[in-house]
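Chemist: Encoded as structure tokens, here's the structure I'll be asking about.
The values are calculated or read from the model by the stated rules, or taken from the named source; none is laboratory data. Here the structure is a predicted model, which is why all the values come from computation and not from measurement. Cβ: placed from backbone, ideal geometry, glycine included. Neighbour counts: every protein chain shown. Each accessible area value is taken on the protein alone, full model and side chains, heavy atoms only, with ligands, DNA and RNA left out. Shrake-Rupley method; radii C 1.70, N 1.55, O 1.52, S 1.80 Å.
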Amino acid sequence: DTEVTQTPKHLVMGMTNKKSLKCEQHMGHRAMYWYKQKAKKPPELMFVYSYEKLSINESVPSRFSPECPNSSLLNLHLHALQPEDSALYLCASSYWTDSNQPQHFGDGTRLSIL
Amino acid sequence: GESVGLHLPTLSVQEGDNSIINCAYSNSASDYFIWYKQESGKGPQFIIDIRSNMDKRQGQRVTVLLNKTVKHLSLQIAATQPGDSAVYFCAENPLYGGTSYGKLTFGQGTILTVHP
């Protein structure tokens, strides 16, 4: 079982809906990440939070809005998504962003945009 | 741009055989590498990692080899079992100006199928 918990596991939403993905870890990690993974492709980095501050935004469209309320929680707010945004959204965490720290992943939220 | 790639997209082996999954990387600034296993419906699971100042690291039934001269990484799985069937990704952590930002770059993945 993964120590990074993501909810919901599945989400279906229309293009006009607003929803949020949630991620939680209790390993004391201070870096948290959002990735997007399309079918049969590798994960692609979206955002990096370090000590609850956004440190990396990989040119992600503004319809994706990350939030880190505290060191254990990471949210991804979704609004006005497009069908091409359908994918598996993975959350990961690590002790910090320094090298030599493996990122540990949750099992993701499978998102379908109608 | 810099990328991490895999030579073999699929690998089929018999149970009990040893498996070798290869990965080529091109970013000479990468100093840390990780292998992940991803089963259907799950997130990537950490298997083993290696720093650039090492050329070999062993875990339980797995060994990672790093050849910096030719920028090549491999994962060896001993006595492969049906439960090892999954997609395997290598990932590199490049440094930017000598600093890590946690920007992992993944290879394309290899599908390993183990036949009983």
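Chemist: Pull up all non-local amide H partners of residue B:15: gap of 5 or more, or a different chain, and H-to-H distance under 5 Å with H placed in the peptide plane.
Modeler: Residues meeting the criterion, in which the H sits 1.01 Å from N, are B:115.
Chemist: Let me check I've understood the local charge: for residue A:16, count other residues with C-beta under 15 angstrom from its C-beta, Lys and Arg +1, Asp and Glu -1. What total comes out?
Modeler: Around residue A:16, the surrounding residues sum to +2.
Chemist: With the full set of protein chains in place, find how many percent of the accessible area of the protein assembly as shown is carbon and sulfur; take the probe as 1.4 Å.
Modeler: That share works out to 48 percent.
Chemist: What are the ³J(HN,Hα) couplings of the range B:93-101, residue after residue, when phi is run through the Karplus curve with 6.51, -1.76, 1.60 and θ = phi - 60°? Round to Hz, x for glycine and proline.
Modeler: 10, x, 9, 10, x, x, 10, 8, 10
Chemist: Same structure, new question: Could you run the Karplus curve 6.51 cos²θ - 1.76 cosθ + 1.60 with θ = phi - 60° over the range A:52-62 and give me ³J(HN,Hα) per residue in whole Hz, x for Gly and Pro?
Modeler: 6, 10, 5, 10, 9, 10, 7, 6, 7, x, 5
Chemist: When N counts the residues of the range A:4-113, how does its alpha-carbon radius of gyration compare numerically with 2.2 N^0.38 Å, as a ratio?
Modeler: Expressed relative to 2.2 N^0.38 Å, the Cα Rg reads 0.99.
Chemist: Could you give me the ³J(HN,Hα) list for the range A:10-27, computed from phi with Karplus coefficients 6.51, -1.76, 1.60 and θ = phi - 60°, whole Hz, x at Gly and Pro?
Modeler: 9, 8, 10, 9, x, 5, 9, 6, 10, 9, 9, 9, 10, 9, 9, 9, 10, 9
Chemist: Net charge around residue B:18, counting only other residues with Cβ within less than 12 Å of its Cβ (Lys, Arg = +1; Asp, Glu = -1)?
Modeler: Values: positive: B:61; negative: B:15, B:17, B:84.
With Lys, Arg at +1 and Asp, Glu at -1, the neighbours total -2.
Chemist: Select from the range A:48-84 those chymotrypsin sites (Phe, Trp or Tyr not before Pro) which occupy a DSSP coil region and have at most 15 other Cβ atoms within 10 Å, ordered by residue number.
Modeler: Sparse-neighbourhood loop chymotrypsin sites (Phe, Trp or Tyr not before Pro): A:51.
Chemist: For chains A and B, what's the summed buried accessible area, probe 1.4 Å, to the nearest 100 square angstrom?
Modeler: Adding both sides of the contact gives about 1800 Å².
Chemist: What value does the protein assembly as shown have for Rg/Rh, both radii from Cα atoms and Rh as Kirkwood defines it?
Modeler: On the way: Rg = 17.6 Å, Rh = 18.1 Å.
The Rg/Rh ratio comes out at 0.97.
Chemist: Efficiency by 1/(1 + (r/R0)^6): what FRET value for residue A:77 and residue B:45, r their Cβ-Cβ distance, R0 = 25 Å, to the nearest 0.05?
Modeler: 0.35
Chemist: Next question, about the same structure. Run the dipole for the range A:4-113 about the Cα centre, Lys and Arg Cβ at +1, Asp and Glu Cβ at -1, nothing else charged, and hand back the magnitude in debye, nearest 20.
Modeler: Computed charge dipole of the range A:4-113: roughly 300 debye.
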